[in-house]
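*Asks:* Pasting a structure below so you can have a look.
The values are calculated or read from the model by the stated rules, or taken from the named source; none is laboratory data. Just so it is clear, the structure is predicted and the values come from calculations on it, not from any experiment. Cβ coordinates were reconstructed from backbone atoms using ideal geometry, including for glycine residues, and neighbour counts include every protein chain displayed.
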Amino acid sequence: MNQHTHLSTNHNDAPNRRPLDGRTAVVTGASSGIGAATARRLVADGASVALLSRREDRLKDLAGELLPTAGGRVLPVAADMADPESIAAAARTVTSALGNVDLVVANAGVMLGAPFVTAETDEWDRMIDVNLRGLLHTARAFTADLVTAAAEGGPADLVHVGSVAGHLLYPNWSVYSATKAAVAHLTRNLRAELGPRGVRVKNVEPGVTVTELGDDMRDEDMRTSLAGMRNSLRPLSADDIAETIAFAVAAPAHVNVAELVVVPVQQG
């Protein structure tokens with residue numbers, strides 16, 4: 001059973017309307033990195049936000065941090081993004097507490113590099129389960145809400161957090177890159193399918209970014225390589241990606257910023 005804590009604001013009126021006032025968002029992988037930064041930014045912009053991740057203690061800490069200045073409501077929900085039943089249960093919890101969702105940021109992911117011939121295949125399975133299957137089931141769980149929001153005339157956004165690895169070449173990152181390539185083409189096809197129904201489907205593809213992503217790789221050489229990549233230039237921060245997502249979802253309802261590649265200047 002998923003456990004959750006529902007927190008709400010005191011509903012003090014803000015002096016000025018914020019870009020996402022009245023919107024209801026879901027952010028997966030919200031316990032750290034890009035997910036946590038995005039949740040902070042969406043809350044600051046006025047949205048009610050459901051925080052989804054396995055690490056419930058971190059979600060509660062983040063919700064407590066956001067609550068005092070939130071323009072909407074904050075809902076931490078423990079969910080395993082590799083488990084379709086857990087995702088479906090989390091979606092029921094979110095809609096029961098916050099109502100229909102009109103903004104989904106499918107950010108949860110894992111990055112486990114290793115040479116193809118020596119990689120442990122359970123790491124492949126984990127990346128496919130979270131990066132692709134988890135994203136699929138997240139989108140499916142909230143698509144009806146997004147279509148309803150669009151039909152009612154408001155903006156409706158499904159944001160996938162991909163990677164430049166989906167179209168660039170990175171030796172020893174083949175399976176991770178394959179999952180992100182799948183995300184990129186899935187996004188394009190969902191855009192063609194859901195766009196005519198008013199849902200803006202978009203893919204944000206970060207380049208070299210400093211987060212916890214990759215910390216749990218078993219291959220020590222790959223952890224060293226990743227650290228070297230991040231130290232070789234001025235990398236992006238999680239806040240940089242959150243800023244990009246906030247820009248894209250605040251566009252007028254008839255405008256879809258469909259694909260955003262966000263890289264450090266030195267990455268080219």
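*Asks:* Applying the selection to region 237-261, what residues are part of a strand (DSSP E or B) and farther than 19 Å from residue 33 by Cα? If you could, list the steps in order and put the result at the bottom.
*Replies:* Initially, region 237-261 is screened for residues part of a strand (DSSP E or B), giving 237, 259-261.
The answer is 259, and nothing else.
*Asks:* Filter region 99-118 down to residues that are surrounded by fewer than 20 Cβ atoms within 10 Å (Cβ to Cβ) and among the hydrophobic types (A, V, I, L, M, F, W, C) and give me whichever is nearest to residue 73 (Cα to Cα). Reasoning before the result, please.
*Replies:* We begin by selecting, within region 99-118, every residue surrounded by fewer than 20 Cβ atoms within 10 Å (Cβ to Cβ); these are 99-100, 115-118.
Next cut, among the hydrophobic types (A, V, I, L, M, F, W, C) only: 116-117.
Numbers: 116: 44, 117: 48 Å.
The extreme case among them is 116.
*Asks:* Got a number for residues in region 169-218 being in contact with a Leu (Cβ under 8 Å, 6 or more places away or on another chain) and within 18 Å of residue 140 (Cβ to Cβ)?
*Replies:* 11
*Asks:* Please state which one of 223, 234 is farther than 30 Å from residue 24 by Cα, not β-branched (Val, Ile, Thr) and not in a helix (DSSP H, G or I).
*Replies:* Residue meeting the stated conditions: 234.
*Asks:* Here is a list: 148, 187. Which entry is among the hydroxyl-bearing types (Ser, Thr, Tyr), buried (at least 20 other Cβ atoms within 10 Å of the Cβ) and touching a residue at least 12 places away in the same chain (Cβ under 8 Å)?
*Replies:* Answer to the selection: 187.
*Asks:* When residue 195 is evaluated against the numbered criteria (1) touching a strand residue (DSSP E or B) at 6+ places or on another chain (Cβ under 9 Å); (2) closer than 22 Å to residue 35 by Cα; (3) not hydroxyl-bearing (Ser, Thr, Tyr), which criterion, by number, is the only one it fails?
*Replies:* Just one mismatch for residue 195, condition (2).
*Asks:* Now for a separate question. Only one residue in 263, 249, 204 is of a type in the set (A, V, I, L, M), closer than 30 Å to residue 116 by Cα and in contact with a strand residue (DSSP E or B) (Cβ under 6 Å, 6 or more places away or on another chain). Which one? Give the derivation first.
*Replies:* Details: 263 fails: in contact with a strand residue (DSSP E or B) (Cβ under 6 Å, 6 or more places away or on another chain); 249 fails: closer than 30 Å to residue 116 by Cα.
Going through 263, 249, 204 in turn, just one is of a type in the set (A, V, I, L, M), closer than 30 Å to residue 116 by Cα and in contact with a strand residue (DSSP E or B) (Cβ under 6 Å, 6 or more places away or on another chain): 204.
*Asks:* Restricting the first residue to region 236-247 and requiring it to be more than 15 Å from residue 212 (Cα to Cα), which pairs with a second residue that is among the basic types (Lys, Arg) meet a Cβ separation below 8 Å and a spacing of at least six or different chains?
*Replies:* Note: pairs meeting the criteria are 242/40; 242/41; 243/41; 245/41; 246/41.
*Asks:* Among the residues in region 219-234, are any surrounded by fewer than 16 Cβ atoms within 10 Å (Cβ to Cβ) and under 16 Å from the mean Cα position of the chain (by Cα)?
*Replies:* The answer is no; no qualifying residue exists.
*Asks:* Now, a different point. Could you tell me which numbered condition residue 13 fails, if it satisfies all but one of (1) under 20 Å from residue 104 (Cβ atoms); (2) acidic (Asp, Glu); (3) modelled with pLDDT under 95?
*Replies:* (1)
*Asks:* If you go through region 75-98 one residue at a time, how many are surrounded by fewer than 24 Cβ atoms within 10 Å (Cβ to Cβ) and in contact with a Gly (Cβ under 7 Å, 6 or more places away or on another chain)?
*Replies:* The qualifying residues number 1.
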